[in-house]
Amino acid sequence: MTRILGIDPGLRVTGFGVVDAEGSRLRYVASGIVRVGNGALPPRLKTVHDGLAEVIREYRPQVAAIEIVFVNVNPQSTLLLGQARGAAITTAVIHEIAVHEYTALQVKQAIVGYGRAAKGQVQAMVQRLLALPGLPSTDAADALACAICHAHAAVTMNAAAGAAAGAAAGAASRAVTRAAVGAASGTIAGSRQVAVARAGAGRGLRFRAGRLR
């Protein structure tokens with residue numbers, strides 16, 4: 001079983017969601033938000049760090065999943081969001097947690113089956129997939145969606161790795177079989193050559209014995 005921390009970074013509100021995954025089975029653990037507030041940028045980044053550090057200490061996730069940020073209409077907003085994302089990633093890395101990154105398209109595709117799904121659709125599917133009693137907040141839902149996306153990706157990667165290992169084992173087995181057949185053929189051929197040589201030697205002896213007579 002793997003415990004996954006999903007993070008939806010933001011400089012006003014940072015969402016988090018914790019999910020346990022065992023194969024294709026998912027279990028909701030916790031979710032919520034870290035309220036960042038207003039003010040100068042450095043203290044706000046510290047709030048993101050401190051809030052996520054507390055979540056990590058309490059729930060002890062093994063891996064983290066976070067969305068990749070792309071440049072949108074407002075470059076300044078994208079830059080600020082990127083700094084919040086950097087603070088979140090740094091927090092996970094400081095706690096020796098592996099971080100996996102996914103695009104918004106990948107997350108929505110994994111949750112809804114449609115890469116351009118609306119936030120409401122993501123919320124509804126997260127509620128359904130985790131059997132939640134009510135709709136999570138949009139920030140918590142986005143974080144849980146990241147965690148679920150990683151759980152699905154891990155299942156796919158493990159299946160692919162298993163298939164590759166099986167193919168490699170099959171190829172190795174066939175190679176060993178061919179080598180064994182080749183060795184056996186060489187042994188048979190070698191035995192035949194020895195038998196022929198012995199037969200030739202026998203004929204030579206008989207020929208010389210005939211001349212002596």
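The values are calculated or read from the model by the stated rules, or taken from the named source; none is laboratory data. These figures come from a predicted structure and were not determined experimentally. No Cβ is skipped: glycine too gets one built from the backbone with ideal geometry, and neighbour counts run over all protein chains shown.
If you go through segment 37-62 and keep only what is over 17 Å from V18 (Cα atoms), not in a helix (DSSP H, G or I) and not hydrophobic (A, V, I, L, M, F, W, C), you end up with G37, N38, G39. When G134 is tested against (1) touching a residue at least 60 places away in the same chain (Cβ under 8 Å); (2) under 26 Å from V36 (Cβ atoms); (3) surrounded by fewer than 19 Cβ atoms within 10 Å (Cβ to Cβ), exactly one condition is not met: (1). Checking D8, D20 one by one, the residue that is surrounded by fewer than 19 Cβ atoms within 10 Å (Cβ to Cβ) and among the charged types (D, E, K, R) is D20 and no other.
Quick check, is G166 in a helix (DSSP H, G or I) and either at pLDDT below 60 or among the acidic types (D, E) (or both)?
Values: in a helix (DSSP H, G or I): yes; either at pLDDT below 60 or among the acidic types (D, E) (or both): yes.
So G166 fits the description; yes.
Residue by residue through segment 137-155, note down the ones that are closer than 19 Å to V63 by Cβ and either without any contact (Cβ under 8 Å) to a residue 40 or more places away in the chain or touching a strand residue (DSSP E or B) at 6+ places or on another chain (Cβ under 6 Å) (or both). Once the filter is applied, which keeps residues that are closer than 19 Å to V63 by Cβ and either without any contact (Cβ under 8 Å) to a residue 40 or more places away in the chain or touching a strand residue (DSSP E or B) at 6+ places or on another chain (Cβ under 6 Å) (or both), segment 137-155 yields A140, D142, A143, L144, C146, A147, C149, H150, A151.
Looking at the structure I just gave you, is I94 exposed (fewer than 14 other Cβ atoms within 10 Å of the Cβ) and either in contact with a His (Cβ under 9 Å, 6 or more places away or on another chain) or at pLDDT 95 or above (or both)? I'd like the intermediate steps shown before the answer.
Details: exposed (fewer than 14 other Cβ atoms within 10 Å of the Cβ): yes; either in contact with a His (Cβ under 9 Å, 6 or more places away or on another chain) or at pLDDT 95 or above (or both): yes.
So I94 fits the description; yes.
Just one of V107, V196 is surrounded by 10 or more Cβ atoms within 10 Å (Cβ to Cβ), at pLDDT below 55 and part of a helix (DSSP H, G or I); which is it?
The unique qualifying residue is V196.
Considering only residues in segment 105-133 that are small (G, A, S) and in contact with a helix residue (DSSP H, G or I) (Cβ under 7 Å, 6 or more places away or on another chain), the one that is farthest from S24 (Cα to Cα) turns out to be A117.
Quick check on my filter: what residues within segment 22-36 are assigned to a strand (DSSP E or B) and either without any contact (Cβ under 8 Å) to a residue 40 or more places away in the chain or of a type outside the set (A, V, I, L, M, F, W, C) (or both)? Spell out how you get there, then give the answer.
Start the filter on segment 22-36 by keeping residues that are assigned to a strand (DSSP E or B), which leaves 22, 25-35.
Scanning segment 22-36 gives E22, R25, R27, Y28, V29, A30, S31, G32, V34, R35.
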